[in-house]
1. Among the listed residues Thr32, Thr57, identify the single one that is surrounded by 11 or more Cβ atoms within 10 Å (Cβ to Cβ) and either assigned to a loop (DSSP other than H, G, I, E, B) or modelled with pLDDT under 90 (or both).
Amino acid sequence: MSEETPDIDPMRLDLGAFVGLLAVLPLVSIGTVSDIAPLWWIGLGLLCVSSVMALATKFIFDEIR
């Protein structure tokens, strides 16, 4: 990567991933208990996206930190 600081703040992406991971627990729980399949799938998708986002910021912005 170049030595210039990118416009994207890695800490904001990490915060977004953390908030997304926290939101997964109630979504999956409510979706499972209330038998609302779309809510459960949204929680599962958010889990995947947030996990990949947290890992991506670790490897992409590792040189900047």
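1. On the way: Thr32 fails: either assigned to a loop (DSSP other than H, G, I, E, B) or modelled with pLDDT under 90 (or both).
Going through Thr32, Thr57 in turn, the sole match is Thr57.
For (1) of a type outside the set (A, V, I, L, M); (2) touching a residue at least 24 places away in the same chain (Cβ under 8 Å); (3) open to solvent by 60 Å² or more (accessible area, probe 1.4 Å), each residue gets a yes or a no:
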| site | (1), (2), (3) |
| --- | --- |
| Asp14 | yes, yes, no |
| Phe18 | yes, yes, yes |
| Val28 | no, no, no |
| Trp41 | yes, no, yes |
| Leu47 | no, yes, yes |
| Val52 | no, no, yes |
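The values are calculated or read from the model by the stated rules, or taken from the named source; none is laboratory data. Computed from a predicted model, the values in this text were never measured in an experiment. FYI the Cβ positions are ideal-geometry reconstructions off the backbone, even for glycines, and counts take in every protein chain you see. When the accessible area is computed, the model is the full protein with side chains, heavy atoms only, and any ligands, DNA or RNA have been set aside. Shrake-Rupley method; radii C 1.70, N 1.55, O 1.52, S 1.80 Å.
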